[in-house]
Amino acid sequence: MSPRRRSSTASDPAAHAAAPEAADTAQQAQQLRAALERANHRYYALDDPEIADDAYDGLLDALRRLEAEHPELRTEDSPTQRVGAEPVSRLQKVAHLEPMLSLPNARTPEELRQWVTRMRTHLAREGIDDPAIEYVVEPKVDGLAISLVYRNGVLQRGATRGNGEIGEDVTHNLRTITSIPQRIEHAPELVEIRGEVYMSLHDFAALNERRAEAGESTFMNPRNSAAGTIRQLDPKLAAQRPLSFSAYQVGVSEGLELSTHWEALEWMAGHGFPVNRDVELKRDEEDVIAQCQSWEKRRGSLDFEIDGAVVKLSDLALQRRLGSVGRDPRWAVAWKFAPTTAVTRLQKIAWNVGRSGDLHPYAMLEPVHVGGVTIKLATLHNEEDLRRKDIRPGEDVIVLRAGDVIPQVISPAPHVAEHKRRPPRPRPPARCPFCDTETVKPDGAVFTQCPNRDCPERRWQLLKHFCSRGGMDIAGLGDKQVAMLLRRRLVSTPADFYALSEEQLLGLERFAESSVRNLLAAIDQSRQRPFARVLFALGIEEVGEVTAQSLASHFGDIDALLAAPAEAIAEVAGIGSKTAAVLREALDDDGMRALIAALRQAGLKFEQGGLAATDGPLVGKVFVLTGTLPKLSREQAAERVRSAGGRVSSSVSQKTDYLVVGDSPGSKLAKAERLGVAVVDEAQLLALLDH
Ligand SMILES: [Zn+2]
């Protein structure tokens, strides 16, 4: 495909008329080149062509003829060398001014210390004993390495890293990235800027959303979408996709005096290049290691993906003395994070049934080591997701396990696309794998469902949920005990737990005499759990812990909630009209009404103990909690906030006053930062409570 819409070789009289008259052929060639460059710029960068395609081709023909007659006039950067009349089917290869080196890796503190030792040994051999070394620690953005060449302040060429020596010319696409300066003030004769082109996570999410809405395929991850975009032949496509740039190195330069890498970063920032603001200068190796580890911890809270940290010696003279071993510079090292993805065979897709009957697919994998553990099961979310990602059993897939989240299958492995014959698409089973009831898929539902209320799997899931930590928290009723009681037909609904007797339990496996007494005591104690916990334990799909708490404090007791129209429920903080309608329907269900009546009979709390505090230091303030707090459980923190008059919401919005952040905070932190919401840690929260 030609970057030009047409590639007519017929010369256009209009173009000849436009070609400058010049006695001197050298001058004529130069003018033609300038006219073509200007046309290219308007076409590619401004998307505002000033001359017709035919006229452009005419100018190009004229220049080509001139150069054929006077080969000495042909320059390397001549438009004839870059844009052929023949369709350009691939990107031009360009040699880098200086090779773009790769980096040696360190995966452990020990390997990083060894790198320091090797460096010091080498310097000692060079006669430099015990130099004071300064290190610069930068995040390693997971994007595409790019080299930008500026001559006399004008962006002349941008290229991908390629094999390090030869890259691909992607100037036309780089010009569409607004954070890359086209021109720099007070520039030296020549300067090469190196950096990473990437897509931020929120831009990536928005792009995929737009593509999904338009019925187009979505991108696998931000890195792939950035790489795919930058290598497009048509810059208009690149212009539609939001790319960012982060500069990390001054490469070749003429007329620029810099003595340290730190100075180079400051120079770039001062000349309009985006440089990461969290880059740090360290003097001690252990501080460097701590900084790398802190980046690894923070990776989940950033708005862009990083796959490591880069440590560089700041002193450029020392860098030159150290040189490189093969492709690896001795003066820099990449701290690699533990990989969070791996490729493995998807052996089978199996289906769970949730407490409301929804069938959830999950992956049975060939065991694989990822994120520090071996996994053989991973979630596949729902059948819609399965279809969209086109995941098929029997093929290799990419699995992701980041932090403590449940491992998930993100996509087929890239080589799967080359398979001529792929295994058939998986379908949800026609019959429930647990009770053999024919499955159904109501209109508009995301999940295929088992409609059988007596399905043993549905019952088990509901009973497990009821006894769980966030619910009635009944010690001694784990998954296995619940399954056994269910099998023995001693329980079938949560209310049955409260009717269990010592005689029924004694003699059952897993229940010794003392544990029977403890269990019955634990069941009895659970009657004291507050209304909000009971609401959560009921297992209504839309009611999580935070929503249960909001409902409990808003309505005060179950009768008010059961009588409330959907509109009134939608007024509760954090509940939209859609959720309110679903909730209303769930509360009207006969089975739910019967369960509530039976649990009430059993003595559970269906009213709020005291009213939510109406005064206190936090009245009117909205809090969101995220991550693991050092001392308080999330629930305890939420209760403290409420008793001080504050509200707790489940998602960050403009209305949020404070985000309380613990370890592994996730995407809420990035969102809060974007919205300018105050971010506090547990200690600061406790201070607010004390006021
Ligand atoms: Zn079933």
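The values are calculated or read from the model by the stated rules, or taken from the named source; none is laboratory data. Note that the structure is a prediction, hence the values are computed from the model and not measured. Glycine gets a Cβ as well: all are built from the backbone with ideal geometry, and neighbour counts include every protein chain shown.
For segment 326-357, the set of residues classified as β-branched (Val, Ile, Thr) and either within 18 Å of Arg113 (Cα to Cα) or within 16 Å of the ligand (Cβ to nearest atom) (or both) consists of Val333, Val353, listed by residue number.
Quick grid of which residues meet (1) in contact with a Leu (Cβ under 8 Å, 6 or more places away or on another chain); (2) of a type in the set (S, T, N, Q); (3) under 30 Å from Arg330 (Cβ atoms); (4) buried (at least 22 other Cβ atoms within 10 Å of the Cβ):
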{"site": "Asp142", "(1), (2), (3), (4)": "no, no, yes, no"}
{"site": "Ile146", "(1), (2), (3), (4)": "yes, no, yes, yes"}
{"site": "Tyr198", "(1), (2), (3), (4)": "yes, no, yes, yes"}
{"site": "Thr218", "(1), (2), (3), (4)": "no, yes, no, no"}
{"site": "Ala226", "(1), (2), (3), (4)": "yes, no, yes, yes"}
{"site": "Gln232", "(1), (2), (3), (4)": "no, yes, no, no"}
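Scanning segment 485-504 for residues being crowded, with 16+ Cβ neighbours inside 10 Å and either at pLDDT below 90 or more than 21 Å from Gly603 (Cβ to Cβ) (or both) gives a total of 1.
Within segment 280-311, the residues that satisfy the criterion of being over 15 Å from Ala106 (Cα atoms), of a type outside the set (D, E, K, R) and touching a Pro at 6+ places or on another chain (Cβ under 8 Å) are Gly300, Ser301, Leu302, Phe304, Ile306. Pairs meeting the criteria (first residue in segment 176-191 and of a type in the set (S, T, N, Q), second residue surrounded by 14 or more Cβ atoms within 10 Å (Cβ to Cβ), beta carbons under 6 Å, at least 6 apart or on different chains) are Thr176/Pro235; Thr176/Ala238; Thr176/Ala239; Ser179/Ser244; Ser179/Phe245; Ser179/Pro274; Gln182/Leu155.
So that you can scan it fast, the table gives a plain yes or no per residue for (1) at pLDDT below 85; (2) assigned to a loop (DSSP other than H, G, I, E, B):
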site: Arg593; (1), (2): no, no
site: Ile596; (1), (2): no, no
site: Ala613; (1), (2): yes, yes
site: Val624; (1), (2): no, no
site: Lys631; (1), (2): yes, yes
site: Gln636; (1), (2): yes, no
site: Arg642; (1), (2): yes, no
site: Val652; (1), (2): yes, yes
site: Gln684; (1), (2): no, no
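When Glu384, Glu438, Glu395 are screened for being acidic (Asp, Glu) and under 30 Å from Gly627 (Cβ atoms), only Glu384 passes.
Residues that are at pLDDT below 85 and either within 16 Å of the ligand (Cβ to nearest atom) or not hydrophobic (A, V, I, L, M, F, W, C) (or both) were ranked within segment 388-408; the one that is surrounded by the fewest Cβ atoms within 10 Å (Cβ to Cβ) is Asp404. Where helices (runs of 4 or more DSSP H) fall wholly inside segment 409-511, no range has 1 or more residues that are within 16 Å of the ligand (Cβ to nearest atom), touching a residue at least 40 places away in the same chain (Cβ under 8 Å) and more than 30 Å from Ile349 (Cα to Cα).
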